[in-house]
Amino acid sequence: MGFDLASILTNGHSGLLLPALAALGLTFAAIWHLQGRAWALLYVVLIPFLNWSFGVIPEFPIVAPGDDVFRQGVSLHPMTMVTGMVFVIRDFVQREMGHRVLILMAIAVTWSFFYAWPVIALASGIAFAISEGVDWLLFTFTKYRLSTRILLSSAVAAPVDTTVFLYGADLAKQMELGMDPGNSLHVANWIVFVIGKMVGAVIVSRIIRKREDAGLISPHEA
């Protein structure tokens with residue numbers, strides 16, 4: 001059990017357990033010092049976990065390659081909808097700790113280089129830098145009610161993130177698995193990924209809207 005835990009924490013490099021534990025301790029201390037709590041911790045853990053999962057957990061084929069319409073096939077990664085939740089969680093982290101959420105994004109992407117394929121981590125870093133920046137701007141400067149801001153920011157950020165990430169995933173599979181170009185980044189896959197990511201945002205937005213209408217939370221809460 002201990003060996004398994006060590007392997008998980010070090011991404012299979014058990015000899016790095018002590019440095020990894022020290023780095024994790026510093027990460028948790030930094031989150032607490034920046035006044036982040038549960039949402040912030042979940043945000044920092046979720047990003048490297050998702051990047052790791054795209055290199056380990058196989059995609060589910062929806063349409064097999066060679067189809068007359070979708071020659072490259074269509075697949076869906078089981079973590080796609082969870083990935084869409086990252087944008088929503090980021091919005092809650094900003095409510096919890098303000099613009100310091102951008103520091104947490106940098107920390108989470110840095111951890112991705114330890115837990116995921118380097119190309120995946122790089123693509124994720126660029127994707128988050130762009131899409132989270134858009135998400136942050138919309139959430140910060142628009143005057144819409146909270147439920148609308150969550151939905152709008154996710155709707156803008158998800159397509160940007162998907163485009164950059166699938167491009168990186170495509171390159172990673174070429175380099176790591178010898179797959180052909182276009183294995184991940186094509187129109188059908190892009191549409192499926194964006195829809196999958198938006199499902200989580202829509203569900204959370206509707207829940208928040210009901211709480212706003214019931215007077216349980218302020219629609220204009222930061």
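Hydrophobic, long helices, defined as DSSP H runs whose alpha-carbon span along the helix axis is 15 Å or greater and whose mean Kyte-Doolittle value is at least 0.0, occur in the chain at 17-33, 38-56, 80-97, 101-115, 118-141, 146-177, 187-213.
Ordered by the number of other Cβ atoms lying within 10 Å of each residue's own Cβ, fewest first, F114, F193 fall into the sequence F114, F193.
Which of these, A169, A121, A129, has the largest mean-square fluctuation under a Gaussian network model of the chain (Cα springs below 10 Å)? Of the options given, A129 has the highest mean-square fluctuation. In terms of packing, defined here as the mean over residues of other Cβ atoms within 10 angstrom, the peptides 158-167, 101-110 line up highest first as 158-167, 101-110. Taking a ≥ b ≥ c as the square roots of the eigenvalues of the Cα gyration tensor, an a/c ratio of 1.5 or more together with a/b no larger than b/c marks the range 1-126 as oblate.
Net charge dipole, the range 163-222: roughly 280 debye, given to the nearest 20, about the Cα centre with Cβ charges of +1 for Lys and Arg and -1 for Asp and Glu.
Using Cβ point charges alone (K and R +1, D and E -1), the dipole size of the chain about the Cα centre works out to roughly 780 debye. Along its three principal directions, the equivalent ellipsoid of the range 1-56 from the Cα gyration tensor extends over semi-axes of 22, 16, 8 Å, largest first. Ranking of S153, S14 by neighbouring Cβ atoms within 10 Å, starting from the fewest: S14, S153.
Pick out, from I203, N189, G168, the residue whose Cα sits farthest towards the positive end of the charge dipole of the range 164-222, with +1 on the Cβ of Lys and Arg and -1 on the Cβ of Asp and Glu. After comparing all options, I get I203. A straight line joining the Cα centroids of the range 135-192 and the range 15-30 runs 30 Å. Using Cβ point charges alone (K and R +1, D and E -1), the dipole size of the range 44-160 about the Cα centre works out to roughly 460 debye. Among 78-88, 26-36, sorting by the average number of other beta carbon atoms lying within 10 angstrom of each residue, highest first, gives 78-88, 26-36. Would you calculate, for the chain, the mean residue ellipticity at 222 nm contributed by helices, counting each DSSP H stretch of 4 or more residues as -39,500 (n - 2.57) and dividing by all residues, to the nearest 500? Counting only the DSSP helices, I get -25000 deg cm²/dmol. Subtracting the Cα-Cα distance of V63 and I191 from 0.36 nm times their residue separation leaves 44.7 nm of extension gain. Here the label points at L34 and I8, each 7 Å from Cα along the C-beta direction, are separated by 2.4 nm in the simple model.
None of the figures in this text is laboratory data; all of them are computed from the coordinates on show. Only a predicted model underlies this, so the values are computations on that prediction, with no experimental measurement involved. Please note: Cβ atoms are built from the backbone with ideal geometry, for glycine as well, and neighbour counts cover all protein chains shown.
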